[in-house]
Amino acid sequence: LLNDKPRWIPVEERLPEENGDYIVYCIGGNYNQTSCISLAYWGGLHFYVDSFLTVTHWMPLPEPPESEET
């Protein structure tokens, strides 16, 4: 559904309420990397991601696919 479309949440707007893995959008990095999308762990105070990156946005992970086992 279009209304259920995930959206990037700016870190200035709010941070995750629960510890866990999140998809993050980052800027910075080495080797002239200007931006990236990565998986990071939120530990309550900050995202654990490469120290050369700054997280600007985040979103929850999607639900895993349903099992096709019978």
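The values are calculated or read from the model by the stated rules, or taken from the named source; none is laboratory data. Model, not experiment: these values are computed from the prediction. When we count neighbours, we look across all protein chains shown, and the Cβ atoms used for this are built from the backbone with ideal geometry, even at glycine. Surface accessibility is based on the protein's heavy atoms, side chains included, excluding ligands, DNA and RNA. Shrake-Rupley method; radii C 1.70, N 1.55, O 1.52, S 1.80 Å.
Annotations for the structure displayed:
- Rolling a 1.4 Å probe over the protein heavy atoms gives the chain an accessible area of 83 Å² per residue.
- Global geometry of the chain, whether rounded, prolate or oblate, following the gyration tensor of its Cα atoms and the 1.5 cut on a/c: prolate
- In the chain, a dipole from Cβ-located charges (positive for Lys and Arg, negative for Asp and Glu) runs towards its positive end, and of Pro62, Ser35, Pro6 it is Ser35 whose Cα lies farthest in that direction.
- Magnitude of the charge dipole for the chain, about its Cα centre and with charges confined to Cβ atoms of Lys, Arg (+1) and Asp, Glu (-1), is about 440 debye.
- Rounded percent of accessible protein surface that carbon and sulfur make up, the chain, 1.4 Å probe: 53 percent
- Springs between Cα atoms under 10 Å define the GNM used for the chain, and in it the highest mean-square fluctuation of Leu15, Leu53, Leu45 occurs at Leu45.
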